[in-house]
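See below for the structure under consideration.
The values are calculated or read from the model by the stated rules, or taken from the named source; none is laboratory data. Given the structure is predicted, the values throughout are model-derived calculations rather than measurements. All Cβ positions, glycine included, derive from the backbone under ideal geometry; neighbour counts span all protein chains shown. Accessible surface areas use protein heavy atoms only, side chains included; no ligands, DNA or RNA. Shrake-Rupley method; radii C 1.70, N 1.55, O 1.52, S 1.80 Å.
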Amino acid sequence: MSETAKLGELIFKDESLSASGRMSCQTCHLPEHAHSGLPTEAVAPGGPNLELSGLRNSPSIRYAGLTPAFHFERDGTPMGGFFRDGRAVSLADQARRPFLDALEMANPSVASVVEKLRSAAYVAEFTRIFGADVFDDPTRAFDSAALALARYQLEDPDFRPFDSKYDAFLSGKARLTDQELRGLALFNDPLKGNCAACHPSARGSDGSPPLFTDFTYDNLGVPRNDAIPANADAAYVDLGLCGPQRADLGERRDLCGAFKVPSLRNVSRTAPYFHNGRFATLQEAVAFYVRRDTNPEEWYPVGTTGVQKFDDLPIDLHANVNTTEAPYNRRLGDAPALTPAEIEDVVAFLGTLDDGYQP
């Protein structure tokens, strides 16, 4: 790695850069969990004294450096960007924001972050790389720290190893088990799992390994998660592209409730699942995909008028939920797209996407 990237690693792990003095970038992006959060936390604690709770589950940032900037395709499809709502345009932009987020590292200003950097054990390396006068301009110093964090994520091979069993399989260096092969077939089958429609499993046209995301956005009608403190307020709703954390697309009601399609690499290590951490296991998450519409009572509250589907969205936005693509095109009483045994096959295949495969 470059000297800038090595500095970025020190910043990434430095808890002193938070208001609490107990939270670093790594706190929510743990290497042992593929740079995602703890599996026991739907949302991470943060704030000045770690007394506040976040609003969304911490996503894996592994392979994030390969994400395109947020944009709209010619057909109007939103694509790319960082965070679950794409509000950051680059890795450096993503790196800046947690320092000042009141529910994360909770620093009150750029100047307060820079003062902490002045006192860091690595300040000599910082000034050697960015100049002896870097701290004369707080904005320049803050941006330099964000640049170092971005370079760390781009240069450290731990963030993009491409060394899963599936990678070895694509290279002809490993064989999948019969169950894993069945799971792959179901994953790709447009009439069954249809997972590859948003999580492509084939190499790119240039021979590059698949990232298992097409970087688009989808509204799946994920059930509300009562474990998120903000959800105690019935009026609070997380609308993804429409806010509350993203502010520029609030008028695009057709996009409300859509979240970025994540990479499925290391998915077996990144529980809990979806933007709100609603599902604790991969089996539950896959079952939700295929039983959401055939057996909605398994996932949503049941009231006097029946099952309250899509209970984490205002009723006027229910039409935004994806109900046309398989496996979401089933109706109440239909057979689910996958049987319980087939769900286990898909989960077995997803396990081949974990980094660090040892033959």
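A few notes on this one:
- For the residue pairs K13/K165; K6/K116; K173/K260; K192/K309; K13/K116, alpha carbon separations beyond 24 Å are given by K13/K165; K173/K260.
- Basic side chains Lys and Arg get +1 at the Cβ, acidic Asp and Glu get -1 at the Cβ, and with that the dipole of region 188-272 about its Cα centre reaches some 260 debye.
- Applying 1/(1 + (r/R0)^6) with R0 = 25 Å to the Cβ-Cβ distance of T177 and L66 gives a FRET efficiency near 0.30.
- Model label points for D136 and S2, set 7 angstrom from Cα along the Cα-to-Cβ axis, are 2.3 nm apart.
- Taking all protein chains into account, the per residue accessible area for region 1-110 stands at 41 Å² (1.4 Å probe).
- Nonlocal amide H pairs with G221, under 5 Å, H built at 1.01 Å: N322
- From phi via Karplus (6.51, -1.76, 1.60), per-residue ³J(HN,Hα) for region 276-293 in Hz, x at Gly/Pro: 10, x, 5, 10, 7, 10, 5, 4, 5, 5, 5, 4, 4, 3, 9, 10, 4, 9
- Sites S208 and T304 - FRET efficiency at Förster radius 56 Å, r taken between beta-carbons, to 0.05: 0.60
- Residue-span extension gain [T77 to S201] - 0.36 nm each, minus C-alpha spacing: 42.6 nm
- Convex hull of Cα atoms in region 276-336, direction-averaged projection (nm²): 4.6
- Label corresponding to mean projected area of the Cα convex hull in nm² when calculated from the structure given, among (i) 19.2; (ii) 15.6; (iii) 29.7: (i)
- Carbon/sulfur fraction of accessible area - the chain, other protein chains in place, 1.4 Å, %: 54
- The chain: calculated mean residue ellipticity at 222 nm from DSSP helix runs of at least 4, using -39500 (n - 2.57): -8000 deg cm²/dmol
- Potential lengthening of the chain between S16 and R252 amounts to 81.0 nm, from the contour at 0.36 nm per residue minus the alpha-carbon distance.
- About the centre of its Cα atoms, the chain shows a dipole size close to 240 debye [charges on the beta carbon of Lys, Arg (+1) and Asp, Glu (-1) only; nearest 20 debye].
- Region 303-352 shape via C-alpha gyration tensor axes, a/c threshold 1.5: prolate
- The mean sequence distance of close C-alpha pairs (under 8 Å, at least 6 residues apart), as a share of the length of region 290-359, puts its relative contact order at 34 percent.
- In the complete set of protein chains, residue-level accessible area for S109 is approximately 50 Å², probe 1.4 angstrom.
- Local charge for F187 was computed over the other residues whose Cβ lies under 11 Å away, with Lys and Arg +1 and Asp and Glu -1, and equals -2.
- Dipole magnitude for region 77-206: computed about the Cα centre from +1 point charges on Lys and Arg Cβ and -1 point charges on Asp and Glu Cβ, it is near 380 debye.
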